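> Following this message is one structure expressed as structure tokens.
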Amino acid sequence: MSRLTNDLDAVRRRLGNTQGGYLSFLALVVFVILFASIAPRIFLTAPNLYRVLQHSVITAVSAMGLTFPLLLGGIDLSIGAVFAFAGIVGATFAVAGGLAGMLAGGLIVGTLIGLLNGSLHVFLRIPSFVVTLGMMLMLQAAGVLLTGGREIILDKSATGLGSGIVLIVIGAVVAVATWFVTNNTTFGEHLRSIGNSEPVAKELGVPVRVVKIVAFGACGLLAGLAGLLNTAYTHFAVPDPNSLTYLLSAMVVVFLGGTSITGSEGGSVWGIVIGAIAISVLENGMVIVGVPSLQQPIYIGLILLLVVSVTTKRIALGGQRLVIK
Amino acid sequence: MEGRDMQTNCEPAIETQNVSKTYGLIEAVKQISLTVSPGEVRGLVGENGAGKSTLLKMLCGITQPDAGSMFKDGKAYAPRSMVQAYASGLSIILQEVGVIPSLSVAANMYLGRTNQFVRSGVIQKKSLHAQVEQLLRDFGVSHIDPRMPLGRLSAEDQKFIEVIRALAFTPDVLLVDETSAALPADGCDLLFERIAQMKADGTAVLFVSHRLREVLQVSDTVSVLRDGALVTTIVSKETDPSGLRSLMVGRSLSDHYYRLDQAASRSDSIALSIDDLHVEGSLVGVSFQVHAGEIVGIGGLTGCGMHPLGKAIFGLARRDSGFVKIHKGDEALHTKNPVSATRHGIGYVPRDRNTEGLMLTSSIRGNICLPSHKLLQRQGRGAILKRHEKGLSRKGMEQLDIKASSIEQLVTALSGGNRQKVALAKWLAREDLSVLVLDCPTRGIDVGVKAYIYELMERLKQRDLAIILISEELPELIGMSDRVLIMKGGTIVCEFNRSDGMQEQQLIEAMI
């Protein structure tokens, strides 16, 4: 027991362990003050702040999807790949079907992939880490093959989805829905019960398999939605053979928001929303201040470590099991 | 007499007819037929592995019998899950069910029976919280907020919630498995009070415990199981703990399985000295010495600091000040953390063997070898070889008479008593062990293994090992220790010597 661990534990106790959102909020306030004082004329303008908010929606939506598997003690590594793949499918469908075609195509594909992830995990009893890793690799390659490696420019009829207020409204709706589902429904309670202990959940009559499959389906749905939003926002879909970036930024936001990797704990939607905005502010601010883009991940990594080191329950990592289902 | 009349007049509240359950080659339950009438409190006793838990698990739907049938109020009863058991009016206090720390107190209270608060998948939190608030108030609890995540309550409050959960609903049948539950004292009082009340209301109670005196106190009748079969059912008033004990083991076991010598003994050399130990929130200046070949008992009430003391000696708690020194010849070696404590020959068997003392999902071999890696490395000239590991663990298994199919068996598959033997064996495998700290070594263990552990302690004493015995059971402290130190408020308040003859009453007075 080093002194540092004890001091950290004291800080955690004071913050209250499950309310990880506190610190992402603190980070947000610090970043805003920081960049507002360095570059008030560029940072503190309405269009810029609006852009920051829009940008945060995309990460927040996929991060909210990720909370479902995390709450039950699993993980979905394929969300980045689903994100890119749904974008491609959506953009392809938009040519013929416009906005409706894009939404239908992207969301259905995302959901189906998620359900498939869940089913493979449940029925073949493969750890979700491995299932989704395999899925990620396959989807990346499929995306490249489908498009021949070229980006697809989104049909004009479908770009409305990514414009200003629409994006923010969608983000808000998803946030409220996720909050409601994880906190006020039996499904949410079942997720946490499984994350706490699967045998116990079974004895309590939780339909473990169904809940798991649905959780991965929901994750796929939101990853797909985030992919569509991104396509609509940037106006084109890219077959990214390296979709890790999307996955990692969603993970940063989830952990920033206080969700635990060991399952059951956290899942604060509020923490995710604030965390996504904080990261968005940081990225935006660094560009404004002129931090070279290659340097930026260093700061994001540092912030993540700092925040998580005081919000995570250390006992959960050191004292108990650390099993990724 | 009233109880008997009831039995003849009423349909039994719960009944099993020739139920059997086999796990692999082991017949856990053999054709047990049992009836409990409404308003009857039935004790259920037996050694570990006698089939008590399996029987309970079948009654509450966790497992299903291979043969035989069960009836509730005269109707066929075959629950497939605990939820179904709840629905048919059973209530269960079982360690295995436990709680979900990340859910709120209220959600935990209605775990598995939230249905009444759910409208199309949505939980009506307001009415749930109001209901639980009312419940807590009925039980005289005002300091717990039903909205709070359960994990933020103290361990005792969590246990308390578990008890209230089982008692809150007036069931037709209440099953209590106290063998592993280890309730806090006020939880126990509450439990017994409610059992009496429920009995009056016509609830049938099946009460499983290792504390025979308690079973006899609470129950009207007691059923004794041995090796998966029902031995007999007797009226509680007509027997005593030693009568039950001999029925449980099938032979008459003398009541005196403690040490027989009445004088304290120890060697002259000091093995361990503890000097002014302070730990924030639990210990305030604890000092004492333990001689080689001496058993020092440590007792006290809940919260007196005896369990933290065990942890602190082994270096698991951060010390604010004070020393723990191991004496080897003229040398005094300081220990600061579990690493140096282990190196200098301290062994520690924690109170909760399942979460602290053992790696449950590892084999017997893995558990026994862990503290002896240095020795194994030396044997293999730097490499740990499987044959050395096997040798060491086989020796340990034989020495402690661990009952398992092989050294490769996972510890999860062992009964409580055998698990405890593994927890002991891993320290005894070290030849350089000089101090052994035992925290409640016989907690939740049947009489057979209990007697064995006492015998082992005597043998270790002969081998000049210094033993610190932390215990919640006074007879055990008095029966085994050369000296008993009583703790109160984080410090030692009183010392008793074996040679002076110790009385339970004396110790209790010192504790209060």
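> Please check which bits of segment B:488-512 a label hung off B:Arg213 would reach, taking the label as a point 7 Å along Cα-to-C-beta and the cut-off as backbone N under 18 Å.
The answer is B:502-512.
> So what is the relative contact order of chain B, in percent, for Cα pairs below 8 Å that sit 6 or more residues apart?
On the way: 1010 pairs, mean separation 77.5, N = 512.
It comes to 15 percent, rounded to a whole number.
> Using the Cα gyration tensor of segment B:403-455, with a ≥ b ≥ c the square roots of its eigenvalues, what is the shape: rounded (a/c below 1.5), prolate (a/b larger than b/c) or oblate (neither)? Don't jump to the answer; show the numbers that get you there.
On the way: a/c = 2.05, a/b = 1.14, b/c = 1.79.
The shape class here is oblate.
> When only C-alpha pairs under 8 Å and at least 6 residues apart count, what is the relative contact order of chain A, in percent? Walk me through the intermediate numbers first.
Values: 576 pairs, mean separation 119.0, N = 325.
This gives 37 percent for chain A.
> Given H placed on each backbone N at 1.01 Å, which residues far from A:Thr185 in sequence or on other chains put an amide H within less than 5 Å of it?
Under 5 Å from the amide H of A:Thr185 lie the amide H atoms of B:Ile123, each far enough along the sequence or on another chain.
> With the dipole of segment B:283-437 worked out from charges on the C-beta (+1 for Lys and Arg, -1 for Asp and Glu) around the Cα centre, which of B:Leu433, B:Gly382, B:Ala312 lies farthest toward the positive end?
Checked the options; the winner is B:Gly382.
> Give the shape of segment A:3-318 as rounded, prolate or oblate, defined through the alpha-carbon gyration tensor: a ≥ b ≥ c are the square roots of its eigenvalues, a/c under 1.5 means rounded, and otherwise the shape is prolate if a/b is larger than b/c and oblate if not. Write down the numbers at each step before the final one.
Working: a/c = 1.77, a/b = 1.04, b/c = 1.70.
Because a/c hits 1.5 or more and a/b fails to exceed b/c, segment A:3-318 counts as oblate.
> Does segment A:33-164 come out rounded, prolate or oblate, given a ≥ b ≥ c as the square roots of the eigenvalues of its C-alpha gyration tensor, rounded meaning a/c under 1.5 and, failing that, prolate meaning a/b above b/c? Working shown, then result.
On the way: a/c = 2.43, a/b = 1.37, b/c = 1.78.
In terms of gyration-tensor shape, oblate.
> When only Cα pairs under 8 Å and 6 or more residues apart are kept, what is the percent relative contact order across segment B:100-168?
Details: 58 pairs, mean separation 32.5, N = 69.
Reported as a whole number, the value is 47 percent.
> Here's something else I'd like to know. Please enumerate, by chain and number, the lysines with C-alpha under 22 Å from the C-alpha of B:Lys395, excluding those fewer than 8 residues away in the same chain.
Straight-distance partners of B:Lys395: B:Lys374, B:Lys386, B:Lys403, B:Lys421, B:Lys426, B:Lys450, B:Lys461.
> Ok, one more. Count neighbours as other Cβ atoms within 10 Å of each site's Cβ, and list the trypsin sites (Lys or Arg not before Pro) in segment B:381-433 that are DSSP loop with at most 15 such neighbours. Walk me through the intermediate numbers first.
Working: sites: B:Arg381, B:Lys386, B:Arg387, B:Lys390, B:Arg394, B:Lys395, B:Lys403, B:Arg419, B:Lys421, B:Lys426, B:Arg430; in loops: B:Arg381, B:Lys403, B:Arg430.
For trypsin sites (Lys or Arg not before Pro) across segment B:381-433 that sit outside H, G, I, E and B with at most 15 neighbouring Cβ atoms in 10 Å, the list reads B:Arg381, B:Lys403.
> Just tell me which aspartates and glutamates come within less than 19 Å, Cα to Cα, of B:Lys126; anything on the same chain fewer than 8 places away is out.
By straight Cα distance, B:Lys126 reaches A:Glu189, B:Asp138, B:Asp145.
> Further question: Multiply the residue gap between B:Arg394 and B:Ala196 by 0.36 nm, knock off their C-alpha separation, and tell me the result in nm, one decimal place. Numbers along the way, then the final one.
Working: separation 198, 0.36 × 198 = 71.28 nm, distance 4.89 nm.
Result for the pair: 66.4 nm of gain on full extension.
> Further question: Quick one: Cα centre-to-centre distance for segment B:63-124 and segment A:194-262, in angstrom?
30 Å
> Excluding residues on the same chain fewer than 8 positions from B:Lys237, give the aspartates and glutamates whose Cα lies under 12 Å from its Cα.
Hits, sequence-local ones excluded: B:Asp220.
> Moving on to the next point. Which is farthest toward the positive dipole end of the protein assembly as shown among B:Val231, A:Gly188, B:Leu333, measuring Cα position about the Cα centre, with Cβ charges +1 (Lys, Arg) and -1 (Asp, Glu)?
A:Gly188
> If you place +1 on the Cβ of every Lys and Arg, -1 on the Cβ of every Asp and Glu, and leave all else neutral, what size is the dipole of the protein assembly as shown about its Cα centre, to the nearest 20 Debye? Don't skip to the answer; put the middle values down first.
Values: 76 positive and 70 negative charges, 480 e Å.
In debye, rounded to 20, the protein assembly as shown gives about 2300.
> Show the residues, 5+ positions off or on another chain, whose built amide H is closer than 5 Å to the amide H of B:Ile14.
Close amide H contacts, sequence-distant or interchain: B:Val36, B:Asp73.
> Taking the alpha-carbon centroid of each part, what is the distance from segment B:438-488 to segment B:209-242 in angstrom?
If we compute the Cα centre of each part, the gap is 25 Å.
> Place +1 on the Cβ of every Lys and Arg and -1 on the Cβ of every Asp and Glu in segment B:100-168, take the dipole about the Cα centre, and give the residue among B:Ile100, B:Val118, B:Phe160 whose Cα lies farthest towards its positive end.
Comparing the listed Cα positions along the dipole, B:Val118 ranks first.
> While we're here: Taking θ as phi - 60°, what are the ³J(HN,Hα) couplings along segment A:136-146 by the Karplus curve (6.51, -1.76, 1.60), each to the nearest whole Hz, with x for Gly and Pro?
4, 4, 5, 5, 4, 5, 4, x, 5, 5, 4
> Under unit Cβ charges (Lys, Arg +1; Asp, Glu -1), what dipole magnitude, rounded to 20 debye, does segment B:80-157 have relative to its Cα centre? Provide the component values of the computation, followed by the final result.
On the way: 8 positive and 6 negative charges, 83 e Å.
It works out to roughly 400 debye.
> If amide hydrogens are placed 1.01 Å from N in the peptide plane, which non-local residues have theirs closer than 5 Å to the one on B:His291?
Here B:Ala271 satisfy the definition.
> So what's the net charge close to B:Ile295: Lys and Arg +1, Asp and Glu -1, counting the other residues with Cβ under 10 Å from its Cβ? Show your work: numbers first, answer last.
Details: positive: B:Arg259, B:Arg266, B:Lys461, B:Arg483, B:Arg498; negative: B:Glu294, B:Glu458, B:Asp482.
Taking every other residue near B:Ile295 into account, the sum is +2.
> Translational D (Stokes-Einstein, µm²/s) of chain B at 20 °C and 1.002 mPa s when Rh comes from the Kirkwood sum over C-alpha pairs?
Numbers: Rh = 24.8 Å.
D, rounded to a whole number, is 86 µm²/s.
> Using the per-residue mean of other Cβ atoms lying within 10 Å as a proxy for protection, in what order, highest first, do the peptides A:223-230, A:176-183 fall?
Values: A:223-230: 30.4, A:176-183: 16.9.
Result, highest mean first: A:223-230, A:176-183.
> What 222 nm value per residue comes from the helices of the protein assembly as shown, counting each DSSP H run with n ≥ 4 as -39,500 (n - 2.57) and dividing by all residues, nearest 500 deg cm²/dmol? Could the numbers behind the result be given before it?
Values: 32 runs with 420 residues, N = 837.
The helix-only estimate for the protein assembly as shown comes to -16000 deg cm²/dmol at 222 nm.
> Shifting gears a bit: What's the lysine pair count for chain A at a Cα cut-off below 22 Å, pairs eight or more apart or interchain? Don't skip to the answer; put the middle values down first.
Numbers: A:Lys202/A:Lys212; A:Lys202/A:Lys325; A:Lys212/A:Lys325; A:Lys313/A:Lys325.
Total qualifying Lys-Lys pairs in chain A comes to 4.
Coordinate-derived values only; no laboratory data. On a predicted model such as this, the values are computed, not experimentally measured, just so you know. Glycine gets a Cβ as well: all are built from the backbone with ideal geometry, and neighbour counts include every protein chain shown.
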